[in-house]
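Worksheet: the structure to be examined is printed underneath.
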Amino acid sequence: MNAPDINLIPLLFASIFTSNILLANFLGMCSFISISKDMQSSNGLGMAVTLVLFLTSGLNWVVYHMVLVPLGLEYLRFIIFITVIASMVQIIEMVIDRVSPKLYITLGIFLPLITVNCAILGVSLFLEIREYTFLQSLVYGLGSGLGWWLAIMLLAAIRKKVEKGPVPAALKGPGITVITIGFMAMAFIGFGGMLPVQ
Amino acid sequence: MSSAPAPGAMLRDNLWTNNPIFMQILGICSALAVTNLLTNTMIMTIAVVGVMGMTNLTVSLIKSLIPRKVRMMVQTLIIASYVIVVDIILRAYLPDISRALGPYVGLIITNCIIMGRAEAFAQQNPPLLSVWDGVTSAFGYMGVLLAIALIRELLGFGSLFGYQVMPEIFEPWIIMVMPPSAFFVLGIVIWIGKAIMEREGAPA
C-alpha cells in the first residue's frame, strides 16, 4: 500500500473547503436540496452527517483493510460498505435515543435519511481509491462532514433571501437553487490550487 | 398512480412530465460529476438503465417475500448486487472509463431515483410493467444528463464524444470542465424544461 504523503492539517482544510465533498464532488445533493429549505433542519442534518461520516470512514477503513483485502473479497466492497453504513446509522440512532432523548429529537428524524446519502458511501469509496491511511481517513471523514455541514447552512441562509427576490416562475425552486450552488462551488473551489487532496 | 397504468402514458410521463431530474431533482448526486465528457455520461447512464430495470424486476418479483420493515435494506442490497455486476463488467471491458468514473459507479447504489422507483412503483406493480417503468425513468434521466454533457463537452473541450468539432480558433471554456459549471448548466436546463412545460399547460 502506498499511502499518499499528505499532512493531516492541510487534508482537513482541503476536505472542508477546496475539495468540499458537496461542491466539488457533487455528493449528498438529494437531501442537500430538499432539506436546505429550512435552517434548523439543515443544522440537524449537518450535525448528523458529520457524526456518521467520521465514524463510518474509520470503520470502513478497518473493514476494508483488515477483512476484505486479506480475504481477497474487494469486489464485495459496495455491499459491505453500505451494510456497515446502515448498521452504523442504526446503532447511532439507538445510542442517541438512550443517552440523550433531547438530541434524539433534533437528530432522530435525519438519521434514516443518511443511509442513502451519497456523501457517506462516496467518502468510503474515495478512501479506498486514494489509499488513505487510517488517520488520514478519519481526518478526511471529519473534514468532509464539516464541509457538508457548512455548505448546507450557507445554502439554507442564501435560499431564505433568494425566496423573496423576483425570480422567473420557471426558475423558482430547484432551478435557482442549483444555480446558487454553482456560485457557492466557484467560491469554494477558487482556492483549489493551494491544497491538494490526493 | 392508478392501478394499471398504460405503458404509452408511462413512457411520456417518465421521459418528460414526471422526469426524475426536472420534477424531483433526484439522483443528481452521482450524475453531475460525470457530465464533463459525453462518453463517460453515456456509459454511466447505460449502467443506470441496466441497474434500474433489473432492480425493479427483482423487487417486483419478490415483493410478497420482503417483510415491510426491512424492505429498504433489501432494496439497497439488491441494487448493490447489480452495481457490483456493472462494476465488474466495466473493469473487464472498459478499464479506462472505469478509472475515469472512479467512485461514481459505486455511487449508483445511493442514487435516489433507483430506490425511489423501486419503492414507489415496483412494490405495487407486476414485474414486466416494473421493468418498463425502471427503463423509461432511466431514459428520462439519461436524456437530461446527455444534454448537460453535450453543452459541457462542446464548450469545455470543443469536442463531442472525443472528436474535435469546433474550429481551431475556438477557445475552450475552462469553467465548463470544472464542477461549478455542472450546476449552472443543470440549473439552466431545468429552467428551459420547466418553461416549456408551463407553456404546454402541464402542472409544473
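Do you know which of the residues in the range B:99-124 that are open to solvent by 10 Å² or more (accessible area, probe 1.4 Å) and part of a loop (DSSP other than H, G, I, E, B) is nearest to the other protein chains (Cβ to nearest Cβ)?
So the residue we want is B:GLN123.
Pick from A:ILE35, A:ILE85: which is under 30 Å from A:PRO174 (Cα atoms), touching a helix residue (DSSP H, G or I) at 6+ places or on another chain (Cβ under 9 Å), within 13 Å of chain B (Cβ to nearest Cβ) and without any contact (Cβ under 8 Å) to a residue 40 or more places away in the chain?
From the options A:ILE35, A:ILE85, the qualifying one is A:ILE85.
Give the residue that is farthest from the other protein chains (Cβ to nearest Cβ), with candidates limited to residues of the range B:125-141 that are open to solvent by 20 Å² or more (accessible area, probe 1.4 Å) and in a helix (DSSP H, G or I).
Restricting to residues being open to solvent by 20 Å² or more (accessible area, probe 1.4 Å) and in a helix (DSSP H, G or I), the top hit is B:LEU128.
Determine, yes or no, whether A:TYR132 is crowded, with 18+ Cβ neighbours inside 10 Å and not in a helix (DSSP H, G or I).
Answer is yes for this residue.
May I ask you to say which residue of A:LEU76, A:LEU111 is farther than 19 Å from A:SER137 by Cα and open to solvent by less than 10 Å² (accessible area, probe 1.4 Å)?
Checking each option against the conditions leaves just A:LEU111.
Within the range B:72-112, how many residues are more than 19 Å from the chain's Cα centre (by Cα) and farther than 23 Å from B:SER60 by Cα?
The number of residues fulfilling the criteria is 8.
Do you know which of the residues in the range A:173-191 that are crowded, with 19+ Cβ neighbours inside 10 Å and more than 24 Å from A:GLN40 (Cβ to Cβ) is modelled with the lowest pLDDT?
For the range A:173-191, the residue satisfying everything is A:GLY175.
Here are the criteria: (1) basic (Lys, Arg); (2) more than 19 Å from A:MET29 (Cα to Cα); (3) at pLDDT 80 or above. Tell me which single one B:ARG117 does not satisfy.
If we test B:ARG117 against (1) basic (Lys, Arg); (2) more than 19 Å from A:MET29 (Cα to Cα); (3) at pLDDT 80 or above, just (2) comes out false.
Mind listing just one residue for me: the one in the range B:54-90 that is more than 14 Å from chain A (Cβ to nearest Cβ) and not aliphatic (A, V, I, L, M) and, of those, surrounded by the most Cβ atoms within 10 Å (Cβ to Cβ)?
It comes out as B:ASN56.
Limited to the range B:168-202, what total is found for residues that are more than 23 Å from the chain's Cα centre (by Cα) and either open to solvent by 80 Å² or more (accessible area, probe 1.4 Å) or modelled with pLDDT of 85 or more (or both)?
8
Of all the residues that make up the range A:138-172, how many are outside any helix (DSSP H, G or I) and either crowded, with 18+ Cβ neighbours inside 10 Å or away from chain B (no Cβ under 14 Å) (or both)?
Total meeting the criteria: 2.
Can you name every residue in the range B:82-114 that is of a type in the set (Gly, Ala, Ser), under 23 Å from A:MET29 (Cα atoms) and out of contact with any Leu (no Cβ under 6 Å at 6 or more places or on another chain)?
Answer for the range B:82-114, where residues must be of a type in the set (Gly, Ala, Ser), under 23 Å from A:MET29 (Cα atoms) and out of contact with any Leu (no Cβ under 6 Å at 6 or more places or on another chain): B:ALA100, B:GLY102.
Six or more apart or on different chains, Cβ atoms under 6 Å: show the pairs whose first residue is in the range A:46-67 and over 14 Å from A:TYR132 (Cα atoms) and whose second is of a type in the set (S, T, N, Q).
Short answer, once both residue conditions are applied: A:LEU53/A:SER144.
What helices (runs of 4 or more DSSP H) completely inside the range B:1-74 contain at least 2 residues that are touching a Pro at 6+ places or on another chain (Cβ under 8 Å), at pLDDT 75 or above and not β-branched (Val, Ile, Thr)?
Helices (runs of 4 or more DSSP H) meeting the threshold: B:38-61.
What is the one condition in (1) part of a helix (DSSP H, G or I); (2) within 30 Å of A:ASN60 (Cβ to Cβ) that A:THR177 does not satisfy?
With respect to (1) part of a helix (DSSP H, G or I); (2) within 30 Å of A:ASN60 (Cβ to Cβ), A:THR177 is out only on (2).
The values are calculated or read from the model by the stated rules, or taken from the named source; none is laboratory data. Since the structure is predicted, the reported quantities are computational estimates derived from the model, not experimental observations. Positions of Cβ are generated from backbone atoms using ideal geometry, with glycine treated the same way; all protein chains shown enter the neighbour counts. Note: areas computed on protein heavy atoms with side chains; ligands, DNA, RNA excluded. Shrake-Rupley method; radii C 1.70, N 1.55, O 1.52, S 1.80 Å.
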